[in-house]
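Asker: This is the structure I want to talk about, given as C-alpha cells.
The values are calculated or read from the model by the stated rules, or taken from the named source; none is laboratory data. From a predicted model like this one, the values you see are computed outputs, not experimental measurements. Cβ placement follows ideal geometry from the backbone for every residue including glycine, while neighbour counts extend to all protein chains displayed.
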Amino acid sequence: MALTPASVLADYSSGIGTQGATLKVNTSDKRVGIGTTNPQGTLQVGTGITMGSGIITATAANFTGDLTVGGELTYEDVTNVDSVGVITARQGIRIGAGASIGSDGAAVVYYGDGFNLTGIDATAIKDSAGGSVKVQANTSGAVVSGILTANTLEQTQTYPTIRPTLDLNFAATKTLDSRITFTRDSFGTFINELGIVKYASNNVPRFDHDVTTGESLGLLIEEARTNLAKYSSEINLWSNNTAAPIIATDNTTAPDGRITADKLTQQTALYAGKYIDTPEVTTNTTYSVSGFIKPVDETKTRFGVVAAAPVGWIGYVDTTWDANGAPTTAGNDATNIQYESYPNGWYKVSFQFTTDGSSLTNPRLHIHPDRNENGKSIWFWGAQLEVGSFATSYIPTNASTVTRGAENAVIKGTNFTDFYNSTEGTLVSEHMGAGDAAVSPYIALLSDGSDSERIILMGDFAGYQAVVVDAGSNQAILDGGTPILNAKNKNALRFKQNNFALSLNGGAVASDTSGTMPVVDQLWIGSRNGADSYMNNTIQSLKYYNRKLINAELQGLTA
C-alpha cells in the first residue's frame, strides 16, 4: 500500500501488512522496522531488502548475518575493511596504485604453487624479514640483472619422459653389455675398490676405481702403450750406478697386494743407485715416466733418465719425503709432476720430459734412494717409461719391453640397428676429463666405419665437444664450453637434420640449425673407429635416446 507524507507522523503501532506485521513505524523513537515489529535501529530489515535498481546510501551499516551482492559492491572513502573470517574473491582482487597487501604481525601464507601468478615485476619482490622468495623459471631460464643473495637456491631441472634405448652404466654394473664386442690383445692393470693394482687377462674389460675413495669410475679405455723399462718390479736385476745400494728383494707388500717390492738403501757414494738401459729413447720425443715409491726414512730421491752423451740428465724429479712419508718436489727437469697417494704409504710418481735433436748415447732410467746421505732407504716398484704426453696404467715387464694392446669396444649389426633411429637421436655421456688439454679423446662415435659419415661426442679442450660429418663435410661443430681436466664431465648431444645441439655440464646449449644427417651403422666407445683418439680414461655411463631431446632436457641430464 502507498503512504502519504502525512502518514509518516502517525504511529503505526499495529503494523501494516497481510502476512503479519511487515511494516512498523515508531514516531516516538523514529525507528522503522520491515519484517519486524520491534526495530532496534533507525532501519531494521528482518528478511532482507530486494531492489530492482538504484543506490542505497547510509552513514553506517551493521550486518550480523550474510550480505549477498549480485552486482558490484563499491567502497568509497573507506579506511579499513576488517574481516574475522575468510574473504573469497571469485573473480579476483584488484589493488589500487600505491596500496599494499601484507601483514603487520604473523607471516602471510600464500596458498597454491604460484606458477600462474603474472604481471609481477621481479624487482618488486622483496624480503626484508629473512623469509624465502621462490623464482619459477621457464624453459628460457631466469635472468637476474642485479644481485641475488640466497642461502639455498634450487634449480628446477627437466628430464626426459622416455627411457634410453641404449643404457650403458659401466660404473654401476662393472660389466660389459653383451651387445658390445671388446678386444685388447694383451693383459692390463686397473685399480680395484680397495685401491689395489689388479690384473685383467687378454680381451677382458677393465673397470677402474678412484684410488683414494674407492668410487667406481667405469670402463677404462686406453691406447696401445709400451713400457720401455725392463724388469719393472725386479729392481735387484737392474745395474748399479757408481756404487750399489743395498737391495732387499721382495721386502714388503707392493701396490698390487703381493710381497714383490724391493728395498733400496743408500751406501758408500751419495749418487749410488740402480738403473736399467732404455736404448729406445730417441730424439725429439715426449716421454712419460712413472713408478711407485714408499719412503722408509726422511729421504731425498732422484728418479729419471740420464744419458752418457750428451752427458747429463734428460728428465728427472728430485723428491723430499717428510717424516709422514709425504712428498715435495725439490728439483726437476720435467713437466706435469704428479704424486698420487696409494694405500699403505705408497705414492705413484709421474712426470714428462721431451728430448731435443741431440743424439743420445746410452740413455738409462735411474732410481737413487737418497741424494744427500748414506743409510737412507726407500721401497720401489712398478717402473714405467713410455712414449706419450701423459702416463697410462701400469704395464709389468720382465726381461723385455711389453706392449699393452689398444682397447676397442664397438656395437654393430642388428645389435646396433635395434636401438638406433636413423632420423634423430641423443647421446648422453658421463666420463672423466682427459689429463692433457691438448688431446681430443673420443667418448663415443656413430659412424659407418669411415671418416666420411660420423657423429662424434668428444672431450676436446681446444674448442668443441661434438662434430657431425656427412659425405666427408662438417655439418655441425658444437662447443659447449671447457671440460674439466681429470674430473667428471657430462655431455649431451642432440642430432637431427637442421637441428643439432649440445650441453656440457648443464651449461648453455650450443646449437646449429643447418646440416644433414650422416648414415651410420656402428657405435664405437672410446676411440675413432678403433684406430686412434682413444679415451685414455674412464667412461662412467653412455646413453642413447632414439629421439631428439629438447634443450632443457640436455641441460637437466648434464647438470
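Asker: Those residues that are among the charged types (D, E, K, R) and out of contact with any helix residue (DSSP H, G or I) (no Cβ under 6 Å at 6 or more places or on another chain), I need them from segment 229-274; list them, please.
Answerer: Answer for segment 229-274, where residues must be among the charged types (D, E, K, R) and out of contact with any helix residue (DSSP H, G or I) (no Cβ under 6 Å at 6 or more places or on another chain): Lys230, Glu234, Asp250, Asp256, Arg258, Lys263.
Asker: Report, by residue number, each residue of segment 290-328 that is outside any strand (DSSP E or B) and of a type in the set (Asp, Glu).
Answerer: Passing the criteria: Asp297, Glu298, Asp322.
Asker: Here is a check on your reading of the model: is Gln384 surrounded by 15 or more Cβ atoms within 10 Å (Cβ to Cβ), part of a strand (DSSP E or B) and not assigned by TED's automatic domain parsing to the domain that holds Asn551?
Answerer: Yes.
Asker: Within segment 534-553, track down each residue that is crowded, with 20+ Cβ neighbours inside 10 Å and among the β-branched types (Val, Ile, Thr).
Answerer: If the condition is that a residue be crowded, with 20+ Cβ neighbours inside 10 Å and among the β-branched types (Val, Ile, Thr), then Thr538, Ile539 are the ones that fit.
Asker: Hey, among the residues in segment 437-451 that are touching a Gly at 6+ places or on another chain (Cβ under 8 Å) and not aliphatic (A, V, I, L, M), which one's surrounded by the fewest Cβ atoms within 10 Å (Cβ to Cβ)?
Answerer: By that ranking, first place goes to Asp451.
Asker: Let me ask something else about it. As an exercise: evaluate Gly331 against (1) assigned to a strand (DSSP E or B); (2) at pLDDT below 95; (3) more than 27 Å from Gln267 (Cβ to Cβ) and give the number of the one condition it does not meet.
Answerer: Of everything listed in (1) assigned to a strand (DSSP E or B); (2) at pLDDT below 95; (3) more than 27 Å from Gln267 (Cβ to Cβ), Gly331 misses just condition (3).
Asker: Also, quick follow-up: Restricting the search to segment 263-289, which residues are over 42 Å from the mean Cα position of the chain (by Cα), of a type outside the set (A, V, I, L, M) and in a strand (DSSP E or B)?
Answerer: The answer is Lys263, Thr265, Gly273, Lys274, Tyr275, Asp277.
Asker: Of the residues Thr161, Thr175, which is assigned to a loop (DSSP other than H, G, I, E, B), under 21 Å from Met432 (Cβ atoms) and in the same structural domain as Phe419 (by TED's automatic domain parsing)?
Answerer: Every option except Thr175 fails the conditions.
Asker: Let me ask something additional. Among the numbered conditions (1) small (Gly, Ala, Ser); (2) modelled with pLDDT under 95; (3) crowded, with 20+ Cβ neighbours inside 10 Å; (4) more than 24 Å from Tyr287 (Cβ to Cβ), tell me where Ala434 comes up short.
Answerer: (4)
Asker: So, Val387, is that one in contact with a Lys or Arg (Cβ under 8 Å, 6 or more places away or on another chain) and among the aliphatic types (A, V, I, L, M) or not?
Answerer: yes
Asker: I'd like the full set of residues that are closer than 13 Å to Val410 by Cβ and either within 29 Å of the chain's Cα centre (by Cα) or not acidic (Asp, Glu) (or both), limited to segment 513-533. Working first, answer last.
Answerer: Narrowing segment 513-533 to residues closer than 13 Å to Val410 by Cβ: 520-531.
Selection gives Val520, Gln522, Leu523, Trp524, Ile525, Gly526, Ser527, Arg528, Asn529, Gly530, Ala531.
Asker: Among the residues of segment 467-489, which ones are touching a residue at least 40 places away in the same chain (Cβ under 8 Å) and surrounded by 20 or more Cβ atoms within 10 Å (Cβ to Cβ)?
Answerer: Correct list: Val468, Val469, Gln475, Pro483, Asn489.
Asker: Could you check, for segment 452-461, whether at least one of its residues is surrounded by fewer than 19 Cβ atoms within 10 Å (Cβ to Cβ), small (Gly, Ala, Ser) and modelled with pLDDT under 95?
Answerer: For segment 452-461, residues surrounded by fewer than 19 Cβ atoms within 10 Å (Cβ to Cβ), small (Gly, Ala, Ser) and modelled with pLDDT under 95: absent.
Asker: A further question follows. Among the listed residues Lys412, Lys376, which satisfies the condition of being assigned by TED's automatic domain parsing to the domain that holds Phe303 and touching an Asp or Glu at 6+ places or on another chain (Cβ under 8 Å)?
Answerer: Lys376
Asker: So, one more: From Ser389, Ser429, grab the single residue that is surrounded by fewer than 17 Cβ atoms within 10 Å (Cβ to Cβ) and within 27 Å of Tyr464 (Cα to Cα).
Answerer: Values: Ser429 fails: surrounded by fewer than 17 Cβ atoms within 10 Å (Cβ to Cβ).
Every option except Ser389 fails the conditions.
Asker: Somewhere in segment 244-262, is a residue in the same structural domain as Thr392 (by TED's automatic domain parsing), β-branched (Val, Ile, Thr), surrounded by 16 or more Cβ atoms within 10 Å (Cβ to Cβ) and without any contact (Cβ under 8 Å) to a residue 40 or more places away in the chain? Even if it seems obvious, please write down each step before you answer.
Answerer: Pass one, segment 244-262, residues in the same structural domain as Thr392 (by TED's automatic domain parsing): 244-262.
Keeping just the survivors that are β-branched (Val, Ile, Thr) gives 246-247, 249, 252-253, 259-260.
Filter again for surrounded by 16 or more Cβ atoms within 10 Å (Cβ to Cβ), leaving 247, 252-253, 260.
Next cut, without any contact (Cβ under 8 Å) to a residue 40 or more places away in the chain only: 247.
The answer is yes, given that some residue of segment 244-262 is in the same structural domain as Thr392 (by TED's automatic domain parsing), β-branched (Val, Ile, Thr), surrounded by 16 or more Cβ atoms within 10 Å (Cβ to Cβ) and without any contact (Cβ under 8 Å) to a residue 40 or more places away in the chain.
Asker: Something else now. Report those strands (runs of 3 or more DSSP E) wholly inside segment 449-558 carrying at least 2 residues which are outside the structural domain of His209 (by TED's automatic domain parsing) and touching a His at 6+ places or on another chain (Cβ under 6 Å).
Answerer: none
Asker: Counting residues that are closer than 18 Å to Leu365 by Cα, which strands (runs of 3 or more DSSP E) fully inside segment 199-261 reach at least 3?
Answerer: Details: elements: 206-209, 216-221, 225-227, 239-241, 246-253.
Filter on segment 199-261 gives 225-227, 239-241.
Asker: A further question on this structure: Quick one: how many residues across segment 176-211 are aromatic (Phe, Trp, Tyr) and surrounded by fewer than 14 Cβ atoms within 10 Å (Cβ to Cβ)?
Answerer: Counting residues in segment 176-211 that are aromatic (Phe, Trp, Tyr) and surrounded by fewer than 14 Cβ atoms within 10 Å (Cβ to Cβ) gives 1.
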